[in-house]
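Single-structure report; data block below.
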There are 2 protein chains.
Amino acid sequence: MSNVAIGIDVGGTKALALMVARDGRVVGEMKSQTPHDEGFDAGEATAKVLVDQIYELCERQSLDPSQVPIGVGLPGMMRRDGHLAFAPNLQTASGADLGAQLGDALANSSVFCENDANCAALAEHEWGAGRGISDFVMVTLGTGIGGGVVADGQLVRGRSGFAGEIGHMVIDAHGAPCLCGGHGCWERYASGGGLHRLTREAALEGRLATLVEQCAGDPRAVRAEDVTAAAAEGLDEAVALMREVGWWLALGLSNLVAILDCGHFVIGGGLSEASDLVLPAAREYLAELVEGYDARPTITVTTSMFGARSGAMGATLVAFERA
Amino acid sequence: MSNVAIGIDVGGTKALALMVARDGRVVGEMKSQTPHDEGFDAGEATAKVLVDQIYELCERQSLDPSQVPIGVGLPGMMRRDGHLAFAPNLQTASGADLGAQLGDALANSSVFCENDANCAALAEHEWGAGRGISDFVMVTLGTGIGGGVVADGQLVRGRSGFAGEIGHMVIDAHGAPCLCGGHGCWERYASGGGLHRLTREAALEGRLATLVEQCAGDPRAVRAEDVTAAAAEGLDEAVALMREVGWWLALGLSNLVAILDCGHFVIGGGLSEASDLVLPAAREYLAELVEGYDARPTITVTTSMFGARSGAMGATLVAFERA
């Protein structure tokens, strides 16, 4: 039984690999670019990047790459058998069995794949902001929204392993179109991508007059980053837009409370870096939006303990558990 | 250990009590009116009705009412300790501990309360349309929408026991107001109450011209029952409205698929009697609305096996399990 495992969180642009001990201590780290979308290659280019990372991390500790359990977190619908069934944000590898490819390349029989947000949920549950909490949802606010649902202390995986696709919960039936083909998905409102879209909308509607002025009067030039920066400095119109994002965030969280009666949310992903601008409003709106709010114990919303590392940390747990 | 249990499904207007054997055989049945909403009485009048039912069913079988395990399904947010925390449809008993009241009145230490749709899910899982299926959701379409979530073979109860309030999932952020205080809750669209509302809306908008004509030109006189009857006879405008209900049903089911990756839905409640007019459309729209539909195994939608009896059947399972 290995004392360390490697966990790799594969995103649309970067892959973060960590070597982690059983107690959660990080003993090695490496970040690489993932191959750009140059057409479908069944994940081959991606697998090559990961193999290089694994060799490098093992070499540093003088470990044999065929003997270290490996977990891989992937952004998409992961089948229980390890195939990436549907991955709008990693289309080169859609349908691929990355675990088998890595296993072959490394002569390693302990390679396991899992959805990235599920990995993050496992890490926060074991070591982080969800520790000791039996019913919570990990919500990763990146370009889209990923999720990992823990109910009664167990990760909910669903029939095929696809559970937790919370970003594609429709909250606005006739709302904005989504990459998935649907309309009004939650991630079009409360993610980094959602902030981008709402910024554009607000700028065009004249609700970001100061920022538009700073962009030489071009509403299309105002970026989401401009809004978060201005909100941090207290510019009213920007604060108002961040509160709007907080409202949309709270709306989706309320739905999860209704369905799952989860008492806690752990917020991760890139947008969580702007958490001071979003979460206070989200907490406030929860009181309005949750059915029977007063009949429930307090619902808590915190940021993740491991931030951008949650996915890779949790991938090592997958490796430890299944090896 | 008793060979039979009593299960009572308490609705806003009626209470159905069943005496059921361990193998699911119904050995006694009694239906009563629940007390009308004459102000809050902490559930006393309701408890009295249930006590009478229990005495009656026991007398028929010459059983001692203090010795038969009793389960009660209630329409609202049930705390794990048996208190009815929030019940918009049974306000006279909101906050009451009906289990304790029945226990005291009957000198029976085995009285257990559970949410009614959770009871229905248990019955369908054990004996009915969800038998052998590890990930499914029971959806009861009555005045509102109730739900019971089964994940990995277990009923999801949530932190306080409130899980499954799926009717209050918001699917239309700026939509129709709901009794719960929110806007755009699923049950305002895809339930019996939703059909009623959509009928009114369609009649006023001129989309039910034939039916309005049959009501002496008064759009407010067209009832939901008129629509289901006309749709059964093939009247286009009525069929179209029932398909609209099917679309809204599919939208909420798609959200549950995204979050839970459930592969099966069991539809119960009053509106399920019009299932031939709604479910075919709902199944068809699922293919459009579910993210990554083609990457998933088939999603099935069936009607409940026990119909109006599911809740009471399942309440006996609660009694058997916890006694």
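The label point for residue A:105 and the one for residue A:80, both projected 7 Å from the Cα toward the Cβ, are 2.8 nm apart. Among beta bridges from DSSP that stay inside chain B, the antiparallel ones total about 60%. A straight line joining the Cα centroids of segment B:256-272 and segment B:112-177 runs 8 Å.
Look at B:168, B:196, A:83, B:174 and count the other Cβ atoms within 10 Å of each Cβ; fewest to most, that gives B:174, B:196, A:83, B:168.
Each of A:300, A:241, A:275 was placed along the dipole of segment A:226-305 (beta-carbon charges, centred on the mean Cα), and the one lying farthest toward the positive end is A:300. When you restrict to C-alpha pairs under 8 Å that are six or more residues apart and normalise by the size of chain B, the relative contact order lands at 20 percent. Only the Cβ atoms of Lys and Arg (+1) and of Asp and Glu (-1) were treated as charged; on that basis the dipole of segment A:175-259 about its Cα centre amounts to roughly 320 debye. When +1 charges are put on Lys and Arg Cβ atoms and -1 charges on Asp and Glu Cβ atoms, the dipole computed for the protein assembly as shown relative to its Cα centre reaches about 840 debye.
Its alpha carbons give the protein assembly as shown an Rg and a Dmax of 26.3, 88 Å.
Dividing the convex hull volume of the alpha-carbon atoms in segment B:50-138 by its residue count gives 119 Å³ per residue. Legend: ranking of residues A:157, A:220, B:283, A:60 from fewest to most surrounding C-beta atoms inside 10 Å; resulting order A:220, A:60, B:283, A:157.
DSSP finds beta bridges in the protein assembly as shown, and of those with both partners inside it, around 60 percent are antiparallel. Across chain A, Cα-Cα distances exceeding 30 Å account for 35% of all pairs. Between residue B:183 and residue B:196, the contour length at 0.36 nm per residue exceeds the alpha carbon distance by 3.0 nm. Given R0 = 30 Å, the distance between the Cβ atoms of residue B:321 and residue B:13 translates into a calculated FRET efficiency of 0.60.
Which parts of segment A:174-200 would a label at residue A:216 reach, counting a residue when its backbone N lies under 20 Å from a point 7 Å out along Cα-to-Cβ? Counting only backbone N, you get A:200. Shortest first, residue B:25 label-point distances to identical copies amount to 6.4 nm, with the label point at 7 Å from Cα along Cα→Cβ.
In this Cβ point-charge picture (+1 for Lys and Arg, -1 for Asp and Glu), chain B has a dipole of about 460 debye about its Cα centre.
At a Cα cut-off below 22 Å, give the lysines reachable from residue B:31, other chains included and same-chain residues fewer than 8 away excluded. Qualifying lysines at Cα under 22 Å: B:14, B:48. Name the shape class, rounded, prolate or oblate, that the alpha-carbon gyration tensor gives for segment A:1-99, where a ≥ b ≥ c are the square roots of its eigenvalues, rounded holds for a/c under 1.5, and otherwise prolate holds if a/b is larger than b/c and oblate otherwise. Here segment A:1-99 falls in the prolate category.
Distances from residue B:234 to itself in the other copies, using label points 7 Å out along the Cα-Cβ axis, amount to 7.2 nm in increasing order.
Working from label points 7 Å from Cα in the Cα-to-Cβ sense, the residue B:64 to residue B:233 distance is 5.9 nm. Length gained on full extension, residue B:223 to residue B:36, computed as 0.36 nm times the residue gap minus the Cα-Cα distance: 65.0 nm. What percentage of all Cα-Cα pairs in segment A:132-304 are separated by more than 28 Å? Percent of Cα pairs beyond 28 Å in segment A:132-304: 23. Of all DSSP beta bridges confined to segment B:132-304, the antiparallel ones make up roughly 55%.
Exposure proxy shown here: for A:92, A:302, A:210, the number of other Cβ atoms within 10 Å sets the order, fewest to most, as A:210, A:302, A:92.
Computed from the coordinates by the stated procedures, all read-outs in this text should not be read as laboratory data. Keep in mind that this is a model prediction, so the values were computed, not measured. Ideal geometry is used to build each Cβ from the backbone, glycine not excepted, and the neighbour counts take in all protein chains shown.
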